[in-house]
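Student: One structure, pasted below without further comment.
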Amino acid sequence: MGRDVTLRYIDPLAQVWLDAARRIGLRVTRTPDTYASTDGRGTLAIAVDRELDPDDSLAQMIFHELCHSLVEGEQSFTAPDWGMDNTGPDHDWREHAGLRVQWVLTGRHGLRTLFAPTTDFRAFWDGLSGDVLADRTDPSVQAAVAGLRRAERPPWGPALEDALAATARIAAEASRFASPGGPELAPLWTAIAPSPAPHPTGLPARMTAGAPEMTCGDCAWRYESRGRTRCRQVDATTRIDDAWPACERFEAALDCQTCGACCRAAYHSVEVSPRDPVVKKQPQLIVKRETYLELQRTGDRCAALHGGTIEAGTTTRYHCTIYDDRPRTCRDFTLGSEHCLTARRRVGLTL
Ligand code: SF4
Ligand code: SF4
């Protein structure tokens, strides 16, 4: 006698990531016709299992596509394939940015092997090590930093973090039952690393394998207030210790000439006092508004700022062409301050 089937089995990791995709606003379909693609109308198509490599999974494929969406931004949900066309001079660094995001997010949970990508760019992934966000002059690093900041807010957050944490728990349990024996490929569950302990501040720990050891005492975001050592990246009441190993947000000495954030897109206007000497010294750069004066802008930046073009994969150095005459507003802007952190975050230079 037949029976009524009322439920169906779904692989636990697939369940976690199908739900994450749903919460983020994507419907996942399976197809034999493509490896992975989006239609710009909320559907993410992933190859059926028989088209995937033995070390791949629906869960990893969904996660990988979400890393692309983090790099490409909110508007990418309405563009086929996240607005990426697989050609053109900008394609490679955007792929690299997605993989840097994937590297950092998986590293926080010990999932680098379980959730390694299987794309044509796997060789780039295999070459990553240490602090993959260290070179902030690299456009793919800047795009990755901006993507990682997006991960914390909707539509990605908190669904993405929930799914990664659940994946780590499932992986930890499965790894207890996995052994490499036999002639077949060893199960992926044999390659699960423990989730790294967080930094004492609660921020993610810095992944130092292959990178020089750094401490809070070496960091640009460390500052002193009322005789106490503190960090711009955490609550102002939290004290830190110079001897602590650095967290994921560690940055060495900041360099305005590779940044320029406060002079460009981070802020929309540089107001100038009528009494500021720059008004007489650089009149061609002063714009009179109804109730105030401001420095002229070219596109999204101050007209006095030069540099910042991408040449041979590197961002050229910024410089202020009226540095000695710059207005008070600019002179008062302090390197490493709260405003500096905000500016750098707005342009994707700082986590
Ligand atoms: S941002 Fe810098 S100072 Fe702050 S906790 Fe991290 S390493 Fe330490
Ligand atoms: S935001 Fe900070 S690091 Fe960047 S140019 Fe301004 S002061 Fe320098």
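The values are calculated or read from the model by the stated rules, or taken from the named source; none is laboratory data. Keep in mind that what you see is a predicted model, and the values were worked out from it rather than measured. Here the Cβ positions follow ideal geometry from the backbone for every residue, glycine too, while neighbour counts run over all protein chains shown.
Student: How many residues are more than 15 Å from ligand 2 (Cβ to nearest atom), among the aliphatic types (A, V, I, L, M) and not in a loop (DSSP other than H, G, I, E, B) if we restrict to region 236-271?
Tutor: Adding up the residues that qualify gives 0.
Student: Just one of the numbered conditions (1) of a type in the set (A, V, I, L, M, F, W, C); (2) within 26 Å of Ala243 (Cβ to Cβ); (3) assigned by TED's automatic domain parsing to the domain that holds Ile24 is not true of Cys216; which one?
Tutor: It is condition (3) that Cys216 fails.
Student: Same structure again: Give the residue that is surrounded by the most Cβ atoms within 10 Å (Cβ to Cβ), with candidates limited to residues of region 150-197 that are among the charged types (D, E, K, R) and more than 24 Å from the chain's Cα centre (by Cα). Spell out how you get there, then give the answer.
Tutor: Residues of region 150-197 among the charged types (D, E, K, R): 150, 152-153, 161-162, 169, 173, 176, 184.
Going one step further and asking which of them are more than 24 Å from the chain's Cα centre (by Cα), we end up with 173, 176, 184.
Details: Glu173: 12, Arg176: 8, Glu184: 8.
Per the stated criteria, the residue is Glu173.
Student: Looking for something assigned to a strand (DSSP E or B) and without any contact (Cβ under 8 Å) to a residue 40 or more places away in the chain - is there at least one such residue anywhere in region 46-67? Steps first, please.
Tutor: Within region 46-67, the first condition is being assigned to a strand (DSSP E or B), and the residues that meet it are 46-47.
Remaining after also requiring without any contact (Cβ under 8 Å) to a residue 40 or more places away in the chain: 46-47.
Within region 46-67 (the criterion being assigned to a strand (DSSP E or B) and without any contact (Cβ under 8 Å) to a residue 40 or more places away in the chain), the answer is yes, since at least one residue qualifies.
Student: Okay, moving on. Check Arg149, Arg232, Arg136 and return the single one that is within 16 Å of ligand 2 (Cβ to nearest atom) and either modelled with pLDDT under 90 or in contact with a strand residue (DSSP E or B) (Cβ under 6 Å, 6 or more places away or on another chain) (or both).
Tutor: Of Arg149, Arg232, Arg136, the one residue that is within 16 Å of ligand 2 (Cβ to nearest atom) and either modelled with pLDDT under 90 or in contact with a strand residue (DSSP E or B) (Cβ under 6 Å, 6 or more places away or on another chain) (or both) is Arg136.
Student: Pro274 versus (1) touching a Ser or Thr at 6+ places or on another chain (Cβ under 8 Å); (2) part of a loop (DSSP other than H, G, I, E, B); (3) on the phi < 0 side of the Ramachandran plot; (4) away from ligand 1 (no atom under 16 Å from the Cβ): which is the lone unmet condition?
Tutor: (1)
Student: Same structure, new question: State whether the residues of region 65-81 include one that is farther than 26 Å from Ala205 by Cβ and surrounded by 20 or more Cβ atoms within 10 Å (Cβ to Cβ).
Tutor: Looking for residues that are farther than 26 Å from Ala205 by Cβ and surrounded by 20 or more Cβ atoms within 10 Å (Cβ to Cβ), one finds at least one in region 65-81, hence yes.
Student: Restricting attention to region 304-349, and to residues there that are among the acidic types (Asp, Glu) and outside any loop (DSSP other than H, G, I, E, B), which single residue is farthest from ligand 2 (Cβ to nearest atom)?
Tutor: Among residues in region 304-349 that are among the acidic types (Asp, Glu) and outside any loop (DSSP other than H, G, I, E, B), the one farthest from ligand 2 (Cβ to nearest atom) is Glu311.
Student: Applying the selection to region 36-45, what residues are exposed (fewer than 15 other Cβ atoms within 10 Å of the Cβ) and without any contact (Cβ under 8 Å) to a residue 24 or more places away in the chain?
Tutor: Thr43
Student: Which of the residues belonging to region 203-229 are in a loop (DSSP other than H, G, I, E, B) and either touching a strand residue (DSSP E or B) at 6+ places or on another chain (Cβ under 9 Å) or near ligand 1 (Cβ under 9 Å from one of its atoms) (or both)? Can you show your working first?
Tutor: Step one: of region 203-229, the residues in a loop (DSSP other than H, G, I, E, B) are 203-204, 206-214, 219-221, 226-227.
Listed by number, the residues that qualify are Leu203, Pro204, Arg206, Thr208, Glu213, Met214, Cys219, Ala220, Trp221.
A quick yes/no check of all residues on (1) assigned by TED's automatic domain parsing to the domain that holds Asp135; (2) in contact with a Lys or Arg (Cβ under 8 Å, 6 or more places away or on another chain); (3) crowded, with 17+ Cβ neighbours inside 10 Å; (4) of a type in the set (Gly, Ala, Ser):
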site: Arg226; (1), (2), (3), (4): no, no, no, no
site: Cys231; (1), (2), (3), (4): no, yes, yes, no
site: Cys247; (1), (2), (3), (4): no, yes, yes, no
site: Gly260; (1), (2), (3), (4): no, yes, yes, yes
site: Ala265; (1), (2), (3), (4): no, yes, no, yes
site: Thr315; (1), (2), (3), (4): no, no, yes, no
